[in-house]
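The values are calculated or read from the model by the stated rules, or taken from the named source; none is laboratory data. Quick caveat, the model's predicted, so the values are computed rather than measured. As a convention, Cβ positions derive from the backbone with ideal geometry for all residues, glycine included, and neighbour counts pool all protein chains shown.
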Amino acid sequence: MRKGTRKKRLYNKYMDIWQVGNASGHTAPIRALIERRLKAHGIPYTTDTIGNLYAGDFTKPAPCLVAHMDSVHKEPPRGITCNKKGILRARTGIGGDDKCGIVALLELLPARPDVNAIFTVDEETGAQGAGAIPPELLERTQYFIEIDRRGNSDLIIDICGLIASDEFITAIDKTRERYGFEYEYGMFTDIDVILDEVHTSAINLSAGYYEPHTAGEYVKLPELENTIDLAGAILDTVERKKYPIEPRSYSYANTWRGQGRDRALDFPPTDYAEELELLQQEALYKYSAEVVELITEAYYLGQESAQVRALDYIEE
Ligand SMILES: [Zn+2]
């Protein structure tokens, strides 16, 4: 393959995915495209009533991949371009967050029938899809790899506390290094919600998208290829067994979604101040400036009334 062609491989192969609109609450079209590809590869799948898609056999112990089907962009991508360097964008936002994750899962699954995957709905509106997954279904999951992080080299092992065990981190460490990834703190996402119920190791990987939640969002496809290779190498080399973790005492999910209001009162510890800032930026896309202000008051100043008001808003 010519060089430019190779860099654009994932653009050409997944044109249907890049082109489809997938605003939160409107994920049926992208789900149909994913289902068609799973079917073509003979991968079994099911859906639940809210629209999450489960690929593989959850009755067997297996690692589980995670990505979300929805995006913040209200309009379908228009004016899509992909240059010779494999930089992909659209005038209205390409939706790389988290179409990159979708593409990665679709690349990884066919060669690995012993790996499961969850394609969630409504991550962008508070990980509502992930919150609706019955925890029993994930009981046999050995570890999770989520692919839903901006940039090219973050390997998230901490969201309000460690989400991967020492044993798991040791098992992936050489592979991580080979692909140029660094350990990082992460923020609110599907895996944060899932780990409130299921206490096994998880990581979240940079997926090669940049400036998510803006019309200027773009994807560096060669970086997405690198992420896919890293995830594949982890799946192919890490010993297949469960890697339990200690339950975290709080999470963005249980503070933000009102499941642990009392615990949220001493949130955040000073170490997480920077991550909280990112969370607030994130909230700004999802909710109004007023809610963000209330969250800030609540969490920085420990004002219970502000917190309750913010949660009421969010739950509306
Ligand atoms: Zn995302």
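Do any helices (runs of 4 or more DSSP H) entirely within the range 1-48 hold 3 or more residues that are within 22 Å of the chain's Cα centre (by Cα) and on the phi < 0 side of the Ramachandran plot, and if so, which?
In the range 1-48, the matching helices (runs of 4 or more DSSP H) lie at 9-13, 15-19, 28-40.
Working only within the range 121-138, note down all residues that are hydrophobic (A, V, I, L, M, F, W, C) and away from the ligand (no atom under 13 Å from the Cβ).
Residues satisfying the conditions are Ala132, Ile133, Leu137, Leu138.
Please determine, by comparing only the residues of the range 68-95 that are of a type in the set (Gly, Ala, Ser) and within 16 Å of the ligand (Cβ to nearest atom), which one is farthest from the chain's Cα centre (by Cα).
For the range 68-95, the residue satisfying everything is Gly93.
What do you reckon, is Arg149 free of Cβ contacts under 8 Å to residues at least 40 places away in the same chain, under 24 Å from Arg31 (Cβ atoms) and either buried (at least 24 other Cβ atoms within 10 Å of the Cβ) or away from the ligand (no atom under 12 Å from the Cβ) (or both)? Walk me through it before giving the result.
On the way: free of Cβ contacts under 8 Å to residues at least 40 places away in the same chain: no; under 24 Å from Arg31 (Cβ atoms): yes; either buried (at least 24 other Cβ atoms within 10 Å of the Cβ) or away from the ligand (no atom under 12 Å from the Cβ) (or both): yes.
So Arg149 fails the test.
Please enumerate the residues belonging to the range 115-140 that are assigned to a loop (DSSP other than H, G, I, E, B) and farther than 16 Å from Ala55 by Cα. Explain how you work it out, then say what you get.
Initial filter on the range 115-140 (assigned to a loop (DSSP other than H, G, I, E, B)): 115, 121-127, 132-134, 139-140.
Scanning the range 115-140 gives Asp122, Glu123, Glu124, Thr125, Gly126, Ala127, Ala132.
Can you confirm whether the range 164-174 contains a residue that is aliphatic (A, V, I, L, M), closer than 21 Å to Leu224 by Cβ and touching a residue at least 60 places away in the same chain (Cβ under 8 Å)? Please lay out each step first, then the result.
Residues of the range 164-174 that are aliphatic (A, V, I, L, M), as a first pass: 164, 169, 171-172.
Okay, now just the ones that are also closer than 21 Å to Leu224 by Cβ, so 172.
Then keep just the ones that are touching a residue at least 60 places away in the same chain (Cβ under 8 Å); that gives 172.
Yes, the range 164-174 contains at least one residue that is aliphatic (A, V, I, L, M), closer than 21 Å to Leu224 by Cβ and touching a residue at least 60 places away in the same chain (Cβ under 8 Å).
Quick check on Glu211: is it of a type outside the set (Lys, Arg), within 17 Å of the chain's Cα centre (by Cα) and surrounded by fewer than 19 Cβ atoms within 10 Å (Cβ to Cβ)?
The answer is yes for Glu211.
Only one of these conditions is not met by Lys99: (1) farther than 28 Å from Gly232 by Cα; (2) within 16 Å of the ligand (Cβ to nearest atom); (3) among the charged types (D, E, K, R). Which number is it?
(1)
Anything in the range 109-120 that is out of contact with any Asp or Glu (no Cβ under 6 Å at 6 or more places or on another chain) and within 15 Å of the ligand (Cβ to nearest atom)? List them, or say none.
In the first step, residues of the range 109-120 are kept if they are out of contact with any Asp or Glu (no Cβ under 6 Å at 6 or more places or on another chain); the result is 109-119.
Answer for the range 109-120, where residues must be out of contact with any Asp or Glu (no Cβ under 6 Å at 6 or more places or on another chain) and within 15 Å of the ligand (Cβ to nearest atom): Ile118, Phe119.
Of the residues that sit in the range 43-63 and are touching a helix residue (DSSP H, G or I) at 6+ places or on another chain (Cβ under 7 Å) and of a type in the set (A, V, I, L, M, F, W, C), which one is farthest from the ligand (Cβ to nearest atom)?
Phe58
From the list Asp166, Asp173, Asp158, pick out the single residue that is under 14 Å from Ile234 (Cα atoms) and surrounded by fewer than 20 Cβ atoms within 10 Å (Cβ to Cβ).
Residue meeting the stated conditions: Asp173.
Restricting attention to the range 28-40, which residues are in contact (Cβ under 8 Å) with a residue 12 or more places away in the chain and either in contact with a His (Cβ under 9 Å, 6 or more places away or on another chain) or basic (Lys, Arg) (or both)?
Arg31, Arg37
Evaluate the range 97-109: report whether one residue or more is more than 21 Å from the chain's Cα centre (by Cα), in the same structural domain as Gly51 (by TED's automatic domain parsing) and not basic (Lys, Arg).
Checked the range 97-109: no residue is more than 21 Å from the chain's Cα centre (by Cα), in the same structural domain as Gly51 (by TED's automatic domain parsing) and not basic (Lys, Arg).
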